[in-house]
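As C-alpha cells, the structure follows; a few thoughts come after it.
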Amino acid sequence: MATTREISVPDIGDFKEVAVIEILVKAGDVVQPEQSLITVESDKATMEIPSPAAGVVKELRVKAGDKVSKGSPILLLDAAAGAPAPAPKKPPEPVAAPVSPVPARPAPAAPVVPIGRPVPAAADPPRTPDSIPHASPSVRKFARELGVDLSRVRGSGPKGRITQADVQEFVKGVMRGAPAAAPAARGGLIFDLPEWPQVDFAKFGPVETKALSRIRKLSGGFLHRNWVSIPHVTQHDEADITELEAFRKENSRVAEKGGFKLTMLAFLVKASVNALKEFPDFNASLDKTGDNLIVKKYYHIGVAVDTPDGLLVPVIKDADRKGVFDLAKELAEISKAAREKKLKPDAMRGGTFSISSLGGIGGTAFTPIINAPEVAILGVARSQMRPVFKDGAFVPRLMLPLSLAYDHRVIDGAAGARFTTYLASVLSDIRRTLL
C-alpha cells in the first residue's frame, strides 16, 4: 500500500528565506534517494536539495521564485511501504531530445588569437532558448569560471543533465588536446596551449593511482584561473621579531588559561591590518570591467588552514576591531572547524587580504597564489636566528621571512616594497603591533 509523505527543506545551516531558482522534478516523476529535487540560492551559495526517500512525486508544494527555510514543504511523495521504489524512467536518448546534438550545429571556427587578446564576438554562435544546456546554476557558474561553453559538454546526469564532473572531464579533454574541443577561454581570452603530454608511467616502474579529494578538485580550477589571469609579482623581505617573540612567550600562559595558544599568526593578522590601513590599495579589488578599483573600508583577513583534504581559507571578519588575544582565540576555533569539516560557507567569504603561514613547517620563502578577487596575499615562512649587524656589532636576532604576492595591474613594485618594509617595522616594534 502506497504511503504519502511530505518532503520538506532539511537543515541548511544558517540560511533562511533562500530563493528557489530551479525545480528539478514534476508531478508523476519517479525519484530515488539523494536525487535532487530543487535548487536554492542564497547570496553566492547555490545548493541542491535531495530527496530523502524513493517514490513518485504526487504534488509540488513550491515553485521557482519562492523563499524557503528549514522545514518549508517541497512536495508530496508517494512511496510503497516496505516495498522497493519503482524503477526510474529511462532518460530519453540525447538524439531524441528537442535540442540538436552539438555536431549538427557546429560553431564557427574560433580564430587563432595570441594569448592575452580578446575573443572576437563573432566567435560565439547565436543561442536560442531551446539550445540552452540542461545544468544547474552552480554548474553554470563553475563552467563560467573555467571558461567552458556548456553547449559543447555532454551531460551524464538524469535526462542529459550536465554535472560538475562532466565539466571537469571536458576540461581534462581540452588539456589532453581532444580534437573536438576548442581552446580553453578564461576572462574572454584564448589560451591556445600545447597538447598535454600523454605518458604511460607504468612503463617506467610501479605506480599508484590516488583520487584527488573533493576540496583539491574544486580548488584546483580556481588556483589555475588565478595564476594565469593575475600578473603575480612576489616581494620578499624580513622582519626582526626578536622582541615580539619574547613578548608572545611572556603572555602565552594567559592565553593557555583561556584554552587557546597565543601564536605568531595572531600578531601577523594585527600587523597586516595596520599595513592595510596605511596602504589601502592592498585592501581592494578590481571591478568587473577592470577599469576601477574598489577600496574596502572593512578588514576581513583570510587565513590559509592546512587540512588532510586540502587547503581551506576561513575569514576573520572585522579583524581591525579585535585584540591579539581575541584573534588568537578565533584562529584556534576556525582552524579546528576547518580540520573537522565544520566550516560553514559564510566562513570563507568576504576576505579582503589573505595570509598563508608555513612557519610551523619550514622553508625560507615561497610565492603564494593570490586569492581572487583580492589583490594581495602574504606568505610567511619559518623564522630563523641569524647574526644581524646592529649598533656597530653582529648580534643574534630572530628574523621572519615575508613573501608578499600582489597583482601588478593594481600595485607596482615600489608600493610592494613599501608595504613589506612598513609591515616589517610594525612587527619589529610590538608597541606599533598593539595600536
In this structure, the FRET efficiency calculated for Ala19 and Lys210 from their beta-carbon separation, with R0 = 45 Å, to the nearest 0.05, is 0.70
Projected area averaged over all directions for the convex hull of the alpha carbon atoms of the range 288-406, nm², comes out at 10.2 nm²
Ranked output for segments 258-269, 66-77, 335-346 by mean other Cβ atoms within 10 Å, highest leading, reads 258-269, 66-77, 335-346
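Which links in Lys16/Lys336; Lys67/Lys297; Lys16/Lys344 stretch past 24 Å when you go from one Cα to the other?
In this structure, Lys16/Lys336; Lys67/Lys297 lie more than 24 Å apart at Cα.
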Reduced to Cα centres, the span from the range 388-425 to the range 266-297 in Å works out to 18 Å
Here, Ala27 and Lys390, labelled 7 Å along Cα→Cβ, have an inter-label distance in nm of 7.9 nm
Length gained if Lys296 through Thr364 is fully extended, taking 0.36 nm per residue and subtracting the Cα-Cα distance, is 21.3 nm
Per the charge dipole of the range 228-366 (beta-carbon charges, Lys/Arg positive, Asp/Glu negative, Cα centre), the residue among Pro280, Ser229, Val254 reaching farthest to the positive end is Val254
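Here, each number is a calculation from the coordinates, and none is a lab measurement. Keep in mind that this is a model prediction, so the values were computed, not measured. As a convention, Cβ positions derive from the backbone with ideal geometry for all residues, glycine included, and neighbour counts pool all protein chains shown.
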